[in-house]
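A quick write-up on the structure given underneath.
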Amino acid sequence: MVAVDSPIRGERPYAYVRTVDGSALTAEALRGWASGSTASDKLPLVEIVEAFPMTATGKIRKTEPAARASRMPPAP
């Protein structure tokens with residue numbers, strides 16, 4: 001999860017989610033589920049990804065998702 005700019009809230013969470021193969025889970029469904037237990041100003045924008053960028057040691061390369069999210073249009 002990374003933060004993206006929001007003209008209304010300053011920053012908003014942006015979640016990258018990897019699902020298991022064959023899953024029918026959508027970003028909209030996950031966001032709807034989260035809205036039941038999360039305050040609206042903390043509700044993340046969600047993007048389903050096939051894989052995370054990894055380092056040579058097998059850790060998630062956190063700078064790449066943050067850079068990708070920063071190129072997205074501002075979140076409401």
Study note, to complete from the structure: The lone condition residue 48 fails out of (1) part of a helix (DSSP H, G or I); (2) touching a helix residue (DSSP H, G or I) at 6+ places or on another chain (Cβ under 6 Å) is (1)
Revision key, fill the gap. Selection over the stretch 1-30 where residues are open to solvent by 70 Å² or more (accessible area, probe 1.4 Å) and closer than 20 Å to residue 66 by Cβ yields a count of 6
Check your understanding: Restricting attention to the stretch 26-61, which residues are touching a Phe, Trp or Tyr at 6+ places or on another chain (Cβ under 9 Å) and among the hydrophobic types (A, V, I, L, M, F, W, C)?
Key -> 45, 46, 48, 49, 52, 60
**Study point:** The one condition in (1) over 12 Å from the mean Cα position of the chain (by Cα); (2) open to solvent by 40 Å² or more (accessible area, probe 1.4 Å) that residue 34 fails to fulfil
**Key:** (2)
Review point. Within the stretch 1-11, is even one residue without any contact (Cβ under 8 Å) to a residue 24 or more places away in the chain and assigned to a loop (DSSP other than H, G, I, E, B)?
Key: no
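The values are calculated or read from the model by the stated rules, or taken from the named source; none is laboratory data. Just so we're clear, the structure is a prediction, and the values are computed from it rather than from any experiment. Neighbour counts run over all protein chains shown; Cβ positions are idealised from the backbone, glycine included. We work out accessible area using only protein heavy atoms, side chains counted, and drop any ligands, DNA or RNA first. Shrake-Rupley method; radii C 1.70, N 1.55, O 1.52, S 1.80 Å.
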